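Student: Please read through the structure below; I'll follow up with questions.
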Amino acid sequence: MAAGPPPGHPAFTSGQNDASMRRIAAVALVASWSLFAAAMPAAHPAHGADDTHHYSYSTKAPYEPAQHPRDYQRAPRGFVPVFTENVSRHGSRTATDGADGDLALRLWERARRDGQLTSQGRDFGPDVRALLAAMAKVGYGKLSGRGAQELHGTAVRMAQRLPQLLRTIVDDGESIDVVSSGQGRAVDSGTVFTSALTQADPALKPRIGPARTDKDLLYFHKSAGGAAYRDWLAHDQRLASTLKNLTDQPATHSAARRVLARIFQPAFVQRIVDGEFSSLADDVTAAGAVYSLYSIAPAMKAESPHGRGWHLDRYLAPRDADWFGYLNDAEEFYEKGPSFAGSDITYKMADVLLDDFFKQVEAKRNGTSTLGAELRFTHAEEIIPLAALMGLPGSTRAAAPGHPYTYGDNPWRGTSVAPLAANIQWDVFRRGGTYLVRMLYNEKETSFKAGCRPIAEGSHFYDLEELERCFGRSDG
């Protein structure tokens, strides 16, 4: 099996959390807003309508390749591509259900009857209804038009990056294996990806095998291998109290009231705060529903009127969208990512996937595989733990006791760790009996973890035997 995290990765300590530690954590949380604000970028990259505040979308950020292919390093002289493999998150999708929209609309309808909408808020209800109708037409939890575009683009760039490999697959009668979690959006992502490959080279079509499902490999958080993780997620008190303290702080309530004030008159916002609608939502839950609609809107851009976006960003000021994005990042970080120092419960189960990456390359080297490519399609619940296990950029630092996750002191960001259509790819090159591996993370050449030595300083190519040593692989 593949070894665990690199030296310097979250240290494995006792993890006991006594009352003193909880008091320290509570004090540290008071300072989280100032740390967050100081760490926020001055501006956000422009990605068109609905994408203005890309940084705040967390793991619902639409995909953008992180490097232009023209900047990739060339393989050393004499090395030719013989294999490639990936694991990709599904592309942009609809919301998994309409609950957030329904909640927001119930409050909106009550405010409308009471004459308590702002001039801007009068548009909110029709905007939400239109977005919900578009998602219902696609199907909740399904791949959206933008998601299909993301996967198609990634496949086209793979074909452009490795034309010699694809020719070899055709000429030598090798196969392309396609495997997914079995969930609809992951299956559809694989279909779009392989269709793009065959559009690039129709001769590849007979080389692509029937898509198969492997839940143990690509849905491990819900399979037998994730049983201990699921128990921890449901019952760990430290996790529950940390997330509650992060959410239930003055900065969150202030942001929530500002979000609601864009839609509702002050008197109605106060009624929400005072608990008049507690059976439906409090102020944070109501504002969180608005944020959830805002964050899913870019994924649905292709389904928007004239493809120009839904413009839900007008219902959240940038700082408030950023704050709710931070809270979502914190939840993802603790529940799926590096999490607490001293524990690997969130990412140890990803070893089955890292192990498969090595097995595929080793089989190619050992002459026991006729595959030219292994294509895997999965979910954020698998990509995020794998990134932590591998020590990929942004996923190397856990939260120390008494120091909760903040943007000020931790590089983990959902937009870069696991945006929609996030991917990890290994390209394999051979010269004689020597095999080299190059890793792309969201299509950016990326170094392997600390302690793994490339073939030369500054190179992104690693000898397979060196990676086996570095990751503690047993023979073959």
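Student: Give me the pairs: first residue in the range 97-115 and farther than 17 Å from Pro266 by Cα and open to solvent by 10 Å² or more (accessible area, probe 1.4 Å), second residue in a loop (DSSP other than H, G, I, E, B) and not aromatic (Phe, Trp, Tyr), beta-carbon distance under 8 Å, and six or more apart or on different chains, which are they?
Tutor: Sorted first by the residue in the range 97-115, then by its partner, the pairs are Asp97/Gly141; Leu103/Leu280; Leu103/Ala281; Arg106/Leu280.
Student: Return the residues of the range 65-91 that are of a type in the set (S, T, N, Q) and either open to solvent by less than 20 Å² (accessible area, probe 1.4 Å) or part of a strand (DSSP E or B) (or both); say none if nothing qualifies.
Tutor: Thr84, Asn86, Ser88
Student: Could you tell me whether Arg258 is assigned to a helix (DSSP H, G or I) and open to solvent by 80 Å² or more (accessible area, probe 1.4 Å)?
Tutor: Here the answer is no, as Arg258 does not meet what is asked.
Student: All but one of (1) in contact (Cβ under 8 Å) with a residue 60 or more places away in the chain; (2) part of a loop (DSSP other than H, G, I, E, B) hold for Leu392, so report the exception by its number.
Tutor: Status for Leu392: all satisfied but (1).
Student: Under the condition of being in a helix (DSSP H, G or I) and touching a residue at least 12 places away in the same chain (Cβ under 8 Å), which residue from the range 116-131 is surrounded by the most Cβ atoms within 10 Å (Cβ to Cβ)?
Tutor: Checking each candidate, the answer is Phe124.
Student: Checking Arg238 against (1) among the basic types (Lys, Arg); (2) closer than 30 Å to Ala111 by Cβ; (3) open to solvent by less than 60 Å² (accessible area, probe 1.4 Å), only one condition comes out false. Which one?
Tutor: (2)
Student: It is to be established whether one or more residues within the range 157-179 are of a type in the set (Gly, Ala, Ser), crowded, with 18+ Cβ neighbours inside 10 Å and either over 27 Å from Gln360 (Cα atoms) or in contact (Cβ under 8 Å) with a residue 60 or more places away in the chain (or both).
Tutor: No.
Student: More than 30 Å from Gln183 (Cβ to Cβ), modelled with pLDDT of 95 or more and among the charged types (D, E, K, R), is that true of Arg89?
Tutor: Here the answer is no, as Arg89 does not meet what is asked.
Student: Exactly one of these conditions fails for Pro404: (1) more than 28 Å from Leu436 (Cα to Cα); (2) surrounded by fewer than 22 Cβ atoms within 10 Å (Cβ to Cβ). Give me its number.
Tutor: Status for Pro404: all satisfied but (2).
Student: Applying the selection to the range 453-469, what residues are free of Cβ contacts under 8 Å to residues at least 60 places away in the same chain and either open to solvent by less than 20 Å² (accessible area, probe 1.4 Å) or polar (S, T, N, Q) (or both)?
Tutor: Tyr462 - this is the single residue of the range 453-469 that is free of Cβ contacts under 8 Å to residues at least 60 places away in the same chain and either open to solvent by less than 20 Å² (accessible area, probe 1.4 Å) or polar (S, T, N, Q) (or both).
Quick grid of which residues meet (1) touching an Asp or Glu at 6+ places or on another chain (Cβ under 8 Å); (2) hydrophobic (A, V, I, L, M, F, W, C):
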site: His221; (1), (2): yes, no
site: His235; (1), (2): no, no
site: Ala240; (1), (2): no, yes
site: Lys244; (1), (2): no, no
site: Pro250; (1), (2): no, no
site: Ala256; (1), (2): yes, yes
site: Val259; (1), (2): yes, yes
site: Arg262; (1), (2): no, no
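Here is a yes/no grid of residues against (1) part of a helix (DSSP H, G or I); (2) of a type in the set (Lys, Arg); (3) open to solvent by less than 20 Å² (accessible area, probe 1.4 Å); (4) more than 24 Å from Tyr140 (Cβ to Cβ):
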position	(1), (2), (3), (4)
Ser278	no, no, no, yes
Ala297	yes, no, yes, no
Lys301	yes, yes, no, no
Glu331	yes, no, no, no
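Student: So how many residues does the range 132-156 have that are surrounded by fewer than 23 Cβ atoms within 10 Å (Cβ to Cβ) and over 19 Å from the mean Cα position of the chain (by Cα)?
Tutor: 8
Student: Might you let me know whether the range 41-58 holds any residue that is part of a helix (DSSP H, G or I), surrounded by fewer than 24 Cβ atoms within 10 Å (Cβ to Cβ) and modelled with pLDDT under 95?
Tutor: yes
Student: Would you confirm, using the coordinates I've provided, whether Leu440 is touching a Ser or Thr at 6+ places or on another chain (Cβ under 8 Å) and part of a strand (DSSP E or B)?
Tutor: Details: touching a Ser or Thr at 6+ places or on another chain (Cβ under 8 Å): yes; part of a strand (DSSP E or B): yes.
Criteria met by Leu440.
Student: Test Gly372 against the stated conditions and say whether it is closer than 30 Å to Ala255 by Cα, touching a Phe, Trp or Tyr at 6+ places or on another chain (Cβ under 9 Å) and open to solvent by less than 10 Å² (accessible area, probe 1.4 Å). First the steps, then the outcome.
Tutor: Values: closer than 30 Å to Ala255 by Cα: no; touching a Phe, Trp or Tyr at 6+ places or on another chain (Cβ under 9 Å): yes; open to solvent by less than 10 Å² (accessible area, probe 1.4 Å): yes.
No: the conditions fail for Gly372.
Student: Something else: Restricting attention to the range 180-210, and to residues there that are open to solvent by 50 Å² or more (accessible area, probe 1.4 Å) and under 23 Å from the mean Cα position of the chain (by Cα), which single residue is farthest from Met158 (Cα to Cα)?
Tutor: That would be Gln183.
The values are calculated or read from the model by the stated rules, or taken from the named source; none is laboratory data. Since this is a predicted model, take the numbers as computed values, not measurements. When we count neighbours, we look across all protein chains shown, and the Cβ atoms used for this are built from the backbone with ideal geometry, even at glycine. Side chains included, ligands, DNA and RNA excluded: accessible areas come from the protein's heavy atoms. Shrake-Rupley method; radii C 1.70, N 1.55, O 1.52, S 1.80 Å.
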